[in-house]
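Notes follow once the structure below has been shown.
Please treat every number below as a calculation from the coordinates, not as lab data. Because the structure is predicted, anything quoted here is derived from the model rather than measured. Using ideal geometry, Cβ is built from the backbone for each residue, glycine included, and neighbour counts are taken over all protein chains shown.
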C-alpha cells in the first residue's frame, strides 16, 4: 500500500449530547479506519452500533444534538473535520456521495427524475441545463434504466423500487465522486433485484475507480462485495482487516459469534449460535470492554479495562485482550472453544 | 398426518387502474395453489414481493375468504364447518408477524397481551390465566416479572418472544410465521430461530414459515414452496430444493441469495427486468418474459405442476421428450461467474 489512503479516519468520535451534557451517547467512539482508492470497505454492526452515525459523520450531516468531539478524517490528506460548511458543500456529492436505504425518502416526489439527476451536475460543475440533462440521460442509461429519454420526464412514483434505487445510484455517481457511501442500499429490494443492483454497483466501481463504503448488517453483502471489513459494536470498531481473513479466522469473540449466528445454505441443520443478551445501552456503557457482558470468553480483566487496538497480523486490528501478543499463544485454544 | 391441506386455493382482488376512473382489473394474488402441512413439520414459502405469499398466509389464517379452492383442517373442509367448528379452527391456527413494534398494544401489560386469546376464547379464571401466562413466559425464555411490564420496556427480540407466547396461549396446531425475524438484528435472529425450532420439537407444532431470507427458510423448513406471481413454481424437500433447484426461477432466486462466505464462488443467474404486475400477468408461464431458458411454448401454454423425482415443478423444460433443445445455449450467455 504505497502512498496515503483515500480516506483515513483517526480516532474519530461523534457523541450525541442531551440534557446539557448530562447524558452522552458515545455513538462513534475512537474509530480508526482506512479506505484505499478503488477499494470496498464493509462496515457491519447491529442497530445501535454507531455505523449509520459514522456515515453521517463522514458527510458532516449530523443531527443538531450530535458533535464530532475528537479525531480527524483525512480525505486525500485534507481533514474534513476542520472544513467550513461552504467547503463541505463542495465536497458532498462531488467527492463523497451517499446512497441511503430508502429510495423513496431520498428522491423528491415533486421533481422529475431528470431534474434530480441533473441537479448535482448543475450545482457542482456549473453546467448548463441542456448539458446537465444530456448527462442525466447518459447516467440513466449507465444504471440500465430502459428508455431514459422518457424516464427523465417522469416522477419517482412512476418507478418501481429497484428503478428508484438505481436512480439514486445515478445521482450518487453523477459528479464522479472518489468515494461512495452506501447505507443499507438493498434492504428494501427483492432478492433478484438486489443481485442486479449489487452487480451494477460493482460495475460502476470498476469503471470509475470508485472507493465504496458499504454500511450493512448483512454479512452476506460483505462476503459478496467487500475487500475490507470493519465490525462495529457499541460505537467502536472491534475488528478490522481483509474480508476473507476475517471470515476464515476471526479474532474478536463478537465477530466469531456473529459469523456463527447466520443460517447457512450449505449446512441448514447446524444449530445457530445465538449471542445471549442484548446490545448495550450506549448512554450507560459497562466499564471495560463493552462486549464483555455477552462474551463467552470474558476474563475478569475485560470488565475492568477496555482493550486497546492490537495487531493480530499485518493489516488487521482487533480490540480484544485475547489478541494481545502475550495472549496470542492461547488463541489456538480459544478458536477451538467457540 | 396432515394438519392443513389447501387445494386449488385462489384469491382475486378487484382493482381499479388509475386514481378516479379506469377500467376495473383483477389482481390474481393467489392462483390455484395447493399444499399440505404435516404434523410437526414446517412449510416454507419463498418468493419476491407480489408473489402471493402473504395472501396465502391470510387465507390460511381465515383473514381472507378464498375466491375459489378449499382449505381442509384435519381432514374437514373449512366451508363445511359450523360456527363452533370455525371457532375451534381459529384457536388452532395462530400467527406471529414481522414487526413486534406494531403487533403488541403499547397500552397493555404483557400479562394482558398474552392472556387475551385465553380470555376471549376459553372460560378461565383470573388465576388460571395468570398461571398460563407464567408458563408461557418460561416457555419462550422470558423472566416471570416480565408479565407486569409494558411492551416499550422490551427490545425487539424480547417483543418477538412475547408475540410467540401470545400465539401459543391457546396451544395451536399450526403457527403462521410471516417474516418473524426480518425486523431483528443478526445476533437476536439466531435466538428466535432457535427458540422456534425448540418449540416445534417440544410441542409438535406445525409452521407455515414465510421469509425472504432463503438461508433462514432452508434452515427452518422441511418443505419449501417457491411462488412467482401467485403460483407455486416448485415445491419439494427443503434441502434438495435448495441444493439443486429445477425451475429456472428457483435457480435464479437461490443464486441471487448472498453467499455466507467470501471464498464461496458460484454460478450466478442474473434475471433481466422486474416482476410484472399481477393485474395482467404474462400469458403462458408467468415467468417466461424473464426466463433465460424460455422457448416458444412457454408464452402460449401454462405449465402444470408435475411430479419430477419426488418434487413438484411447473416448467415446460421438463415435459419429457417434448422439450425444444435449441434455446438452451442462450442460457450460457446469461450466466456469469462472479
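Here are a few things to note about the model shown:
- Axis angle, to the nearest 10 degrees, between helix B:110-121 and the longest C-alpha principal axis of chain B: 80 degrees.
- Near-label residues of the stretch A:173-207 by backbone N, under 15 Å of a point 7 Å along Cα→Cβ of residue A:76: A:175-180
- Each helix, a run of at least 4 DSSP H residues, gives -39500 (n - 2.57); summed and divided by the residues of chain B, these come to -9500 deg cm²/dmol at 222 nm.
- Inter-label distance for residue A:153 and residue B:197, nm, one decimal - labels placed 7 Å from Cα along Cα-to-Cβ: 5.6
- Counting Cβ atoms of other protein chains within 10 Å of each residue's Cβ and taking the mean over peptide A:187-198 gives 6.
- Distance between modelled label sites at residue A:10 and residue A:47, nm, 7 Å Cα→Cβ extension: 3.6
- The length gained by stretching the chain between residue B:171 and residue B:264 to full extension, at 0.36 nm per residue less their Cα-Cα distance, is 29.3 nm.
- Model label zone, residue A:111; criterion: amide N under 14 Å from point 7 Å along Cα-to-beta-carbon; scope the stretch A:133-152: A:133, A:136
- Of all DSSP-defined beta bridges confined to the protein assembly as shown, some 60% are antiparallel rather than parallel.
- Judged by the mean number of other Cβ atoms found within 10 Å, the most tightly packed of the peptides A:226-237, A:96-107 leads the ranking A:226-237, A:96-107.
- Using a Förster distance of 25 Å, the FRET efficiency for residue B:86-residue B:134 (Cβ separation, nearest 0.05): 0.25
- Rounded if a/c under 1.5, otherwise prolate or oblate - chain A, Cα gyration tensor axes: prolate
- FRET efficiency for residue A:244 and residue A:187, using Cβ-Cβ distance with R0 set to 22 Å, rounded to 0.05: 0.35
- Overall shape: prolate for the stretch A:112-164, with the ratio a/c of the largest to smallest alpha carbon gyration tensor axis at 1.5 or above and a/b above b/c.
- Simple spin-label estimate for residue A:138 and residue B:65 in nanometres, 7 Å along Cα-Cβ: 6.0
- Each peptide among B:137-149, A:164-176 gets the average number of other Cβ atoms lying within 10 Å of its residues, and from highest to lowest they stand as A:164-176, B:137-149.
- Angle of helix B:156-168 to the longest C-alpha principal axis of chain B, folded into 0 to 90 degrees and rounded to 10: 80°.
- Summarising the strand pairing of the stretch B:2-337, around 65 percent of its internal DSSP beta bridges are antiparallel.
- The length gained by stretching the chain between residue A:301 and residue A:267 to full extension, at 0.36 nm per residue less their Cα-Cα distance, is 8.6 nm.
- In this calculation the C-beta distance from residue A:284 to residue B:299 is compared with R0 = 56 Å, giving a FRET efficiency of 0.35.
- Once you reduce the stretch B:196-234 and the stretch B:125-179 to the center of their Cα atoms, the two points are 22 Å from each other.
- Peptide B:251-259 shows a mean partner chain C-beta count of 6 within 10 Å per residue C-beta.
- Cα gyration tensor shape of the stretch B:109-242, rounded if a/c is under 1.5, else prolate or oblate by comparing a/b with b/c: prolate
- Across peptide B:189-195, the average count of Cβ atoms from other chains found within 10 Å of a residue's Cβ is 5.
- Placing a label point 7 Å from the Cα of residue A:176 along the Cα-to-Cβ direction, no residue of the stretch A:97-111 has its backbone N under 12 Å from that point.
- C-alpha long axis of helix A:191-208 to longest principal axis of chain A, angle in °: 80
- Peptide packing: for B:200-212, B:153-165, the average count of neighbouring Cβ atoms within 10 Å per residue gives the ranking B:153-165, B:200-212, highest mean first.
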